Amino acid sequence: MKAGLDKKTIIEAAAKMADEKGVTNITLKMLATELGIKSPSLYKHFSGGLDELNKELMLYGWRSLESEITRVAIGKAKDDAIIAICNTYRKFVEEHKGLFEAMQWYNMYQSEEHLQATQGTVSVLFQVLEAYDLAEEQKVHIVRMLRGFLQGFSSIESHGGYGNPVSLNDTFDFALKTILQGIRGLQGGRKTE
């Protein structure tokens, strides 16, 4: 094993390759060549082979996204925080298309490790929603809606699925303003016990 080559370094190299070539195009042989090692050396860190590497890429992606959205949400409240989070999510996907692909189909309840990796992103959204006067169930619906909007829009955009010449930035902003208007309209909906 090459000196100084640890699991984190390998995952970061795989994430870079995923962004350049697409996550489905990565092989352990390609990754080993990129790192200047022999393929069997990777099994020291990834005994489950490519499946384990893909799982690690998914977890790495969610942790990286959490770090980014937490950073931009600090010091902001309500609409400003949601706008910052949504724009950061979109930018993250634009810059990390391969990594985003690895993140797509996860189940946060599949394992404790999955839950911890993805919980941060969800927690940031719930914390932002605390500033609004909303019932707890409404917050759950809003977080799911935001996730669906961001994941869907970003996925279609990253695959070039929007063919109409109308500006995608304008569409994203329009959708976000509509969502925020809807959230503001729900305020005061707390159920009294």
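Quick notes on this one:
- Evaluation of L5 against (1) among the hydrophobic types (A, V, I, L, M, F, W, C); (2) in contact with a Phe, Trp or Tyr (Cβ under 6 Å, 6 or more places away or on another chain); (3) in a loop (DSSP other than H, G, I, E, B) (one fails), failing number: (2)
- Residue that is farthest from G98 (Cα to Cα) [pool: residues in the stretch 1-43 that are charged (D, E, K, R) and either in contact with a Cys (Cβ under 6 Å, 6 or more places away or on another chain) or modelled with pLDDT under 85 (or both)]: K2
- Long-range neighbours under 7 Å by Cβ, at least six apart or interchain, first residue among the β-branched types (V, I, T) within the stretch 117-142, second outside any helix (DSSP H, G or I) and surrounded by fewer than 20 Cβ atoms within 10 Å (Cβ to Cβ): T118/Y106; T118/M108
- Test: residue in the stretch 93-116 that is closer than 25 Å to Q187 by Cα, exposed (fewer than 15 other Cβ atoms within 10 Å of the Cβ) and among the charged types (D, E, K, R): no
- Residue within the stretch 36-48 that is without any contact (Cβ under 8 Å) to a residue 60 or more places away in the chain and of a type in the set (V, I, T) present: yes
- Looking only at the stretch 43-79, residues that are loosely packed, with under 15 Cβ neighbours inside 10 Å and farther than 21 Å from I26 by Cα come to 5 in all.
- Within the stretch 135-154, not a single residue is in a helix (DSSP H, G or I), among the hydroxyl-bearing types (S, T, Y) and surrounded by fewer than 16 Cβ atoms within 10 Å (Cβ to Cβ).
- Residue within the stretch 84-101 that is part of a helix (DSSP H, G or I), at pLDDT below 90 and within 26 Å of M145 (Cβ to Cβ) present: yes
- Residue within the stretch 65-76 that is closer than 19 Å to V23 by Cα and out of contact with any Gly (no Cβ under 6 Å at 6 or more places or on another chain) present: yes
- Output for the stretch 27-72, where each listed residue is part of a helix (DSSP H, G or I), among the hydrophobic types (A, V, I, L, M, F, W, C) and over 15 Å from the mean Cα position of the chain (by Cα): L28, M30, L31, A32, L35, L42, L50, L53
- Residue match in the stretch 158-169 (condition: polar (S, T, N, Q), surrounded by fewer than 16 Cβ atoms within 10 Å (Cβ to Cβ), free of Cβ contacts under 8 Å to residues at least 24 places away in the same chain and not in a helix (DSSP H, G or I)): yes
- In this structure, A131 qualifies as outside any helix (DSSP H, G or I) and either under 14 Å from I11 (Cα atoms) or in contact with a helix residue (DSSP H, G or I) (Cβ under 6 Å, 6 or more places away or on another chain) (or both).
- Condition check for F126: aromatic (F, W, Y), within 17 Å of Y60 (Cα to Cα) and at pLDDT below 95: no
The values are calculated or read from the model by the stated rules, or taken from the named source; none is laboratory data. All values derive from a computational prediction rather than experimental measurement. For neighbour counting, all protein chains shown are included, and Cβ atoms are generated from backbone atoms with ideal geometry for every residue, glycine included.
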